Amino acid sequence: KPAKKENLKDIKIGLSVSTLNNPFFVSLKDGVIKEAKSLGMEVKVVDAQNDSAKQINDVEDLIQQGVDLLLINPTDSAAISTAVQSANNINIPVITLDRSADKGKVEALVASDNIKGGEMAAEYIVDQLGEKVQVAELEGVPGASATRERGKGFHNVADTKLTVTAKQAADFDRTKGLTVMENLIQANPDIKAVFAHNDEMALGAIEAINSSGKDIMVIGFDGNDDALNAIKAGKLEATVAQQPQLIGKLAVDAGRDVVQGKKVEKMIPAPLKLVTKE
Amino acid sequence: MQIMMQDIYKAFGTNQVLTGVDFDLRAGEVHALMGENGAGKSTMMNVLTGLHARDKGTITIDGKETYFHNPKEAEQKGITFIHQELNIWRDMTVLENLFIGKELKTPFGLLKMKEMKALAKKQFDRLAVSIPLDKEAGACSVGEQQMIEIAKALMTEAKVIIMDEPTAALTEREIEKLFEVISSLKKEGVAIVYISHRMEEIFAICDRITVMRDGKTVDTKSIPDTNFDEVVKKMVGRELTDRFPSRESKLGETMLQVKDLTKKGAFNRINFSVRSGEIVGVSGLMGAGRTEIMRAIFGLDAMDSGEIWLDGKHVTIKSPDQAVKLGIGFITEDRKDEGLILDFSIKENISLPTLYSFAPKGVINEKSERDFVEMLVKRLTVKTESADTRVGDLSGGNQQKVVIAKWLGISPKVLILDEPTRGVDVGAKREIYQLMNELTDRGVAIIMVSSELPEVLGMSDRILVIHEGKITGELTKEEATQEKIMTFATGGL
Amino acid sequence: MKAINESAPAGKANFINTMTQKLGPLLGLIVLIIIVSVLNPSFLEPLNILNLLRQVAINALIAFGMTFVILTGGIDLSVGAILALSSALTAGMIVSGIDPILAILVGCILGAVMGMVNGLLITKGKMAPFIATLASMTAFRGLTLVYTKGNPITGLGDNHLFQLFGRGYFLGIPVPAITMIITFAILFIILHKTPFGRKTYAIGGNEKASLISGIKVDKVKVMIYGLSGLLAALAGAILTSRLNSAQPTAGTSYELDAIAAVVLGGTSLSGGKGRIFGTLVGALIIGTLNNGLNLLGVSSFYQMVVKGIVIIIAVLLDRKKSA
Amino acid sequence: MKAINESAPAGKANFINTMTQKLGPLLGLIVLIIIVSVLNPSFLEPLNILNLLRQVAINALIAFGMTFVILTGGIDLSVGAILALSSALTAGMIVSGIDPILAILVGCILGAVMGMVNGLLITKGKMAPFIATLASMTAFRGLTLVYTKGNPITGLGDNHLFQLFGRGYFLGIPVPAITMIITFAILFIILHKTPFGRKTYAIGGNEKASLISGIKVDKVKVMIYGLSGLLAALAGAILTSRLNSAQPTAGTSYELDAIAAVVLGGTSLSGGKGRIFGTLVGALIIGTLNNGLNLLGVSSFYQMVVKGIVIIIAVLLDRKKSA
Ligand SMILES: Nc1ncnc2c1ncn2[C@@H]1O[C@H](COP(=O)(O)OP(=O)(O)OP(=O)(O)O)[C@@H](O)[C@H]1O
Ligand SMILES: Nc1ncnc2c1ncn2[C@@H]1O[C@H](COP(=O)(O)OP(=O)(O)OP(=O)(O)O)[C@@H](O)[C@H]1O
Ligand SMILES: O[C@@H]1[C@H](O)[C@H](O)CO[C@H]1O
Ligand SMILES: [Mg+2]
Ligand SMILES: [Mg+2]
């Protein structure tokens, strides 16, 4: 049983990330490492490559290495539960990042409010284009909590105020965003706006829209560098910016407090911000 | 067991192979089935054992109409087939090969290893075969594989055994052993269908003979009532003069000379030379290492040491393409596996070693390729409607001609023929011999590896005998006899 | 005389050859274990070894089935998708109130049926195994997504036996590892001690000859693809229990890991040659690599590079030895 | 005489056989187009057709290379990873200020080199193509992630020619489609009219016999895997231009689509038999399916099911016809 450690230098953090093939999580990881470094803590990073089963193995391997604190960015909220429970069994505190864990004792969840973000995107479209315009939705990896929650938030608003004529999964992937969008335009010539569950897909969609010569507004999610540049260049209309670095930082800070025996909030929100050209 | 097959018809697609064949077999007889390549012998037996369904005709066994649905059924009823194409599992042991599909098992479904070993051993002893039971079958020579097949058939307690060219890969010693077994089987009342292109064998062991031509029965006769020439005439439909066309050898300069070729475990200090216009026969028992020597000369296998001199120059041959460039052609003993691309047309097969000469500008000139190939097809009298026929659809003899044509295309200085007439009918054989003579007339040096003693004696100017990887004897045409060759081949002096 | 003298060492060389061939993969595993444990001694801690065994179980089970398939000269790309679909169906049954153990059983049968569909496409439909299972992989994965609507299936309750199946211990050994070992023992006997096993090798070694020898090639193949599906479903059940949910994307690209395990274990992709013990070793090599690289703190990107290179080296060494 | 008379009808039947074999995939494509355009006439709009051609280009280019590989009896699972790595390297060069067109050229050469590494593993290393390219796929993908640190490479500037390469039009036709057609024409000639093409078929038909006929089998194979890598890199360049960035995960599972295109085009996975025109048709079938199902508003889950089933049906019909 890990005792309370007063000296931060003795604390070993284990970070399990769902995937590092996505700039969002790379920033999230960087945020963790940067903050840990400044506090003098050591971090071990494992990458589940979007495979829930691998993530459980990864967490076991981290526990094996004797980490004192687990920061987990779950690939899937349900699937991670057993790994959280294993950590609970030997009293290693767990904090989840960006996505929640369904079961097990988690000290804190540090995340953006994805439902809220989805709502923000829909409301922005209504503001700009008015009610009942035709919109399309590019969905993330089926089943991922971000996909579900952003979709849910978006539909909370869009189902009454907009007309969602098409939705397809493009797996948070830019290439897929491009091809799926090309086809959506062909099938639904009257679309006026697109909500993409992340910026990568949004950027792909923009390329498709450009070559079709149509005028369709695209709203992304994440606020990564590429997207911000595209907004400056007037290609991307807006993005619901998350602050992955901040999520990482907040998680480390919360972890520090837990290890030192201080109380932390169960839900630590990282602010979302709608970024537009202005 | 008594079998009657009457008026059998069988077509593959539009290819009418059997058109009213009659055949009958009596208990305890050895019945020869002869005919040119493609006459339909194997097909006839496949119809009998149920591998192919007949289109028309009746089959009665012991007076009762019987049709098998698959070879296994035939085997259970006592008819076993040793196929022409060896059915060997190269990666499995000899023992596993012997019992495939009929393993002995305990009531719990587990294999009875001991019993199977004992049975196999008994069978091998009977055939005087000494192959280790746990040897991988793929590591056995073709001859040994053939013996495995024969042993496998003998274990079935069959009442009828069909042997489709069982001796094609065997040498005299194994053949003798096989003949002993055949006569003992005969005494036990087992009937044998014996398919072979080797005339001597037919007259040595058979009681009756049925000759087929073009999918029909020409005649069935009792062996004492016929003779060599009559059988050949019935097979090919015309008189065939001497088996080995006579030739005047005009020997030129030494074309190929090998010095001290050695490869551990395969052959040791091999020295010989071949002159332009000369045929050197290479004889030996199965597994003596003849094929391995030829493969090494051609650059297919690496050797440990030795020199090769071609046309007076020292050459190094590390791969077949170098050998081809130097003007060496190699007709391998296994034409399907190594000689031909079965899915390619005749044309594409023949032009393969010479492709670049038809593509001076990078693109193949179809017309010059075709002209060249058609010239060769005509010269070798390949029986085909066009040069575009798939080689896999040709009969064995014609396939062999295509392989030879392929190598004539490079205008070789040296041609190595490994078992050039294996599985080839008398007519085609003679044509191949004729061709060899034409080649030597034009100064080609020929090495002919062969397990058929009459062929070696009939065609060679000089004969080398190999025993366990070493040259144990060299005989001129004049001094050579079957006995002398066999003495050298078995290592005696 | 000479010949006999010469062949004696050849026989010996042959023996050494077969031994290194049989032991090749095992030696590789041992070397790997030594390297990893020198670099990080905690690798050898009993807890970690048990961990490793549990992690390996899923891939090993799939790879066992794949061994049979590959021995016949085939390939099964659909195992990952079968795992996902059967896992979803099993979870669906559990959620709807069916006894979890019964649900797992039915799920395994459904997996076997899916595998047999592959077998039928390959035998009756005369499709190349690669393309048949590629197509069915796509279809099964699609069906999984349709059935789950893309969402994980959760709420599997807390049946003790069910939880034990993926997460529990028996005599201190993780249950998945026990399942793996028992399955291995059964399959080992089937493959090496029964006519069915012989037929498996025979078909891969020479299909035409097998047919002529009266082996019901089609039937055997259908059974083998069924077995592959069954084992994928069994692995799926373990995963379902470990994740306490069915994931629609579960098993993605597991086929590649399974094939890698089989090949690392020395089984030839052209069929007819290989051993299931090798596959177990191959799965352990992959597992050790994954676990070891994690323990050594190698970044996941470099892990992929190392994994690729290790596979190449292992196979190359194996070729060298057997050459 | 007899023989000639009898063989005449055989020749005719043969001719019909080869015709349906040649036209089989094309008929399939036509049927598919008819179905889709009846269900949604907007499919046939010129803009959509151009769209389709552009979408198909990337898969078709990869599948062309795959055709050569499969004709020799091999397989190349690493194409997607080569695409990603060469795309990342190309983008890296562009960002560092090298002329984009030069960068693409160098990227293609690098792709060819990666392919040749596969070729060497397979020929000199005597590895099975499946496992060699599976391992190199893992390694190349890892290298891509290492090189990009998992992030897309952006900031490729706005060189006009570079943008044209993936996004532009020439005479109203998308440039990727033109690239595809020119490449097709060149490869068609190489495959069907030159000694190199003949050798490709020969090796797949019977490798041993090819070797004995003096073909430098190893050299030809290395060149063919190099070609496959080159074409993957070319496809990667198009994708890089289209996305105006290099994606570390680009090309994931593209190998499967390419293989599907080759097989749908009637090329046999066992080598020696097939045509590159078929592959073009196969790629169009897959493209039409993707595009058409989207136009018809079929959900992406059902799309997978449909795709799997269509592949099965197409291959089964093809077998029937050629049987
Ligand atoms: N499965 C098959 N499909 C199509 N054609 C076949 C098949 N089997 C045999 N043939 C054809 O039937 C004819 C007779 O072949 P068969 O093998 O019976 O001849 P054979 O008399 O045994 O000749 P050989 O002496 O060369 O063995 C040949 O033209 C052959 O090409
Ligand atoms: N692939 C192989 N693997 C292992 N051993 C082999 C292989 N091929 C041949 N051998 C062995 O090499 C020896 C020489 O065989 P080789 O084929 O050269 O003999 P041969 O004189 O040509 O006889 P054959 O009549 O069998 O062709 C034999 O003992 C044979 O068992
Ligand atoms: O929040 C993250 C990011 O939006 C990413 O782009 C995809 O996965 C989600 O969980
Ligand atoms: Mg025959
Ligand atoms: Mg030989």
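Here's the yes/no breakdown for (1) touching a strand residue (DSSP E or B) at 6+ places or on another chain (Cβ under 8 Å); (2) within 16 Å of ligand 1 (Cβ to nearest atom):
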residue: B:ALA118; (1), (2): no, no
residue: B:ASP125; (1), (2): no, no
residue: B:GLU149; (1), (2): yes, yes
residue: B:LYS159; (1), (2): yes, no
residue: B:ILE162; (1), (2): yes, yes
residue: B:VAL190; (1), (2): yes, no
residue: B:VAL193; (1), (2): yes, yes
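Residues checked against (1) of a type outside the set (Gly, Ala, Ser); (2) under 19 Å from the mean Cα position of the chain (by Cα):
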{"residue": "D:LEU29", "(1), (2)": "yes, yes"}
{"residue": "D:ILE33", "(1), (2)": "yes, no"}
{"residue": "D:LEU39", "(1), (2)": "yes, no"}
{"residue": "D:THR72", "(1), (2)": "yes, yes"}
{"residue": "D:ALA88", "(1), (2)": "no, no"}
{"residue": "D:VAL95", "(1), (2)": "yes, no"}
{"residue": "D:PRO100", "(1), (2)": "yes, no"}
{"residue": "D:VAL106", "(1), (2)": "yes, no"}
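Which one of B:ALA53, B:ALA27, B:ALA32 is farther than 16 Å from B:ALA158 by Cβ, away from ligand 3 (no atom under 16 Å from the Cβ) and surrounded by fewer than 16 Cβ atoms within 10 Å (Cβ to Cβ)?
B:ALA53
Could you count how many residues in the stretch B:365-385 are open to solvent by 40 Å² or more (accessible area, probe 1.4 Å) and either at positive phi or touching a residue at least 40 places away in the same chain (Cβ under 8 Å) (or both)?
Adding up the residues that qualify gives 1.
So, B:GLU438, is that one out of contact with any helix residue (DSSP H, G or I) (no Cβ under 7 Å at 6 or more places or on another chain), surrounded by fewer than 20 Cβ atoms within 10 Å (Cβ to Cβ) and acidic (Asp, Glu) or not?
So B:GLU438 passes the test.
Out of the stretch B:61-80, which residues are open to solvent by 30 Å² or more (accessible area, probe 1.4 Å) and assigned to a strand (DSSP E or B)?
Those that are open to solvent by 30 Å² or more (accessible area, probe 1.4 Å) and assigned to a strand (DSSP E or B): B:LYS64, B:GLU65.
Considering the stretch B:359-390 alone, what residues qualify as being under 18 Å from B:ILE410 (Cα atoms) and at the interface with chain D (Cβ under 8 Å from one of its Cβ atoms)?
B:ALA359, B:ILE364
Residues that are among the hydrophobic types (A, V, I, L, M, F, W, C) and either within 16 Å of ligand 5 (Cβ to nearest atom) or within 10 Å of another protein chain (Cβ to nearest Cβ) (or both), at least 3 per element: which helices (runs of 4 or more DSSP H) completely within the stretch A:149-260 meet that?
A:174-187, A:199-212
Could you tell me whether the stretch A:1-22 includes any residue that is within 22 Å of D:GLY142 (Cα to Cα) and assigned to a helix (DSSP H, G or I)?
Checking the stretch A:1-22: not a single residue is within 22 Å of D:GLY142 (Cα to Cα) and assigned to a helix (DSSP H, G or I).
Provide a single number: the residues in the stretch B:39-58 that are closer than 20 Å to B:VAL218 by Cα, within 13 Å of another protein chain (Cβ to nearest Cβ) and of a type in the set (A, V, I, L, M, F, W, C).
Within the stretch B:39-58, residues that are closer than 20 Å to B:VAL218 by Cα, within 13 Å of another protein chain (Cβ to nearest Cβ) and of a type in the set (A, V, I, L, M, F, W, C) number 2.
Suppose the filter is touching a helix residue (DSSP H, G or I) at 6+ places or on another chain (Cβ under 8 Å), over 23 Å from C:ALA250 (Cα atoms) and within 13 Å of chain C (Cβ to nearest Cβ); does A:GLY66 pass it?
yes
Does B:GLU333 qualify as being open to solvent by less than 70 Å² (accessible area, probe 1.4 Å), more than 10 Å from chain D (Cβ to nearest Cβ) and among the charged types (D, E, K, R)?
yes
Any idea which of (1) away from ligand 5 (no atom under 16 Å from the Cβ); (2) open to solvent by 30 Å² or more (accessible area, probe 1.4 Å); (3) modelled with pLDDT under 90 is the one B:ARG173 doesn't satisfy?
(1)
Of A:LEU39, A:LEU69, A:LEU97, A:LEU62, which residue is open to solvent by less than 10 Å² (accessible area, probe 1.4 Å) and under 16 Å from A:GLN260 (Cβ atoms)?
Selected residue: A:LEU69, the only one of A:LEU39, A:LEU69, A:LEU97, A:LEU62 that is open to solvent by less than 10 Å² (accessible area, probe 1.4 Å) and under 16 Å from A:GLN260 (Cβ atoms).
Need pairs with beta-carbon distance below 7 Å; first residue more than 16 Å from B:ALA191 (Cα to Cα) and within the stretch B:142-167, second within 16 Å of ligand 5 (Cβ to nearest atom) and charged (D, E, K, R); sequence gap 6+ or separate chains.
Close Cβ pairs (under 7 Å, with a partner that is within 16 Å of ligand 5 (Cβ to nearest atom) and charged (D, E, K, R)) amount to B:GLY143/B:GLU174; B:MET147/B:GLU174.
In the list B:SER273, B:SER222, B:SER283, which residue meets the criterion of being surrounded by 15 or more Cβ atoms within 10 Å (Cβ to Cβ) and either away from ligand 5 (no atom under 16 Å from the Cβ) or within 14 Å of chain C (Cβ to nearest Cβ) (or both)?
The match here is B:SER273.
Looking only at the stretch B:410-435, filter to residues that are of a type in the set (Lys, Arg) and away from ligand 5 (no atom under 16 Å from the Cβ); which one of those is surrounded by the fewest Cβ atoms within 10 Å (Cβ to Cβ)?
Across the stretch B:410-435, the extreme among qualifying residues is B:LYS413.
Name the residues in the stretch D:117-151 that are more than 10 Å from chain C (Cβ to nearest Cβ), over 16 Å from D:GLY73 (Cα atoms) and open to solvent by less than 40 Å² (accessible area, probe 1.4 Å), would you?
none
Go through the stretch B:447-463 residue by residue and tally those that are within 14 Å of ligand 5 (Cβ to nearest atom) and either outside any helix (DSSP H, G or I) or open to solvent by 20 Å² or more (accessible area, probe 1.4 Å) (or both).
6
So for the stretch A:170-189 (the condition being of a type in the set (A, V, I, L, M, F, W, C), open to solvent by 10 Å² or more (accessible area, probe 1.4 Å) and more than 26 Å from D:TYR169 (Cα to Cα)), does at least one residue qualify?
Yes, some residue in the stretch A:170-189 is of a type in the set (A, V, I, L, M, F, W, C), open to solvent by 10 Å² or more (accessible area, probe 1.4 Å) and more than 26 Å from D:TYR169 (Cα to Cα).
Going through the stretch C:78-104 one residue at a time, which ones are surrounded by 24 or more Cβ atoms within 10 Å (Cβ to Cβ) and assigned to a loop (DSSP other than H, G, I, E, B)?
Matches in the stretch C:78-104: C:SER78 only.
State whether one or more residues within the stretch B:227-238 are within 16 Å of ligand 2 (Cβ to nearest atom) and either open to solvent by less than 20 Å² (accessible area, probe 1.4 Å) or not assigned by TED's automatic domain parsing to the domain that holds B:LYS383 (or both).
no
So which helices (runs of 4 or more DSSP H) are wholly in the stretch D:152-263 and hold at least 2 residues that are within 14 Å of chain B (Cβ to nearest Cβ) and free of Cβ contacts under 8 Å to residues at least 12 places away in the same chain?
In the stretch D:152-263, D:175-193, D:195-205, D:207-212 are the helices (runs of 4 or more DSSP H) which contain 2 or more residues that are within 14 Å of chain B (Cβ to nearest Cβ) and free of Cβ contacts under 8 Å to residues at least 12 places away in the same chain.
Restricting to the stretch D:184-217, and then to whatever is within 17 Å of the chain's Cα centre (by Cα) and open to solvent by less than 20 Å² (accessible area, probe 1.4 Å), can you tell me which residue is nearest to D:ALA63 (Cα to Cα)?
D:LEU187
Within the stretch D:287-302, which residues are more than 7 Å from chain C (Cβ to nearest Cβ) and either free of Cβ contacts under 8 Å to residues at least 60 places away in the same chain or not polar (S, T, N, Q) (or both)?
Result: D:GLY287, D:LEU289, D:GLY292, D:LEU293, D:ASN294, D:LEU295, D:LEU296, D:GLY297, D:VAL298, D:SER299, D:SER300.
Here is a list of conditions, (1) over 23 Å from D:LEU50 (Cβ atoms); (2) in contact with a strand residue (DSSP E or B) (Cβ under 9 Å, 6 or more places away or on another chain), and A:LYS152 meets all of them except one; can you say which number that is?
(2)
The values are calculated or read from the model by the stated rules, or taken from the named source; none is laboratory data. As the structure is a computational prediction, the values presented were derived from the model and not from experiment. Quick reminder, even Gly has a Cβ in these numbers, built from the backbone with ideal geometry, and neighbours come from all protein chains shown. Heads up: the accessible areas ignore ligands, DNA and RNA and are worked out on the full protein's heavy atoms, side chains in. Shrake-Rupley method; radii C 1.70, N 1.55, O 1.52, S 1.80 Å.
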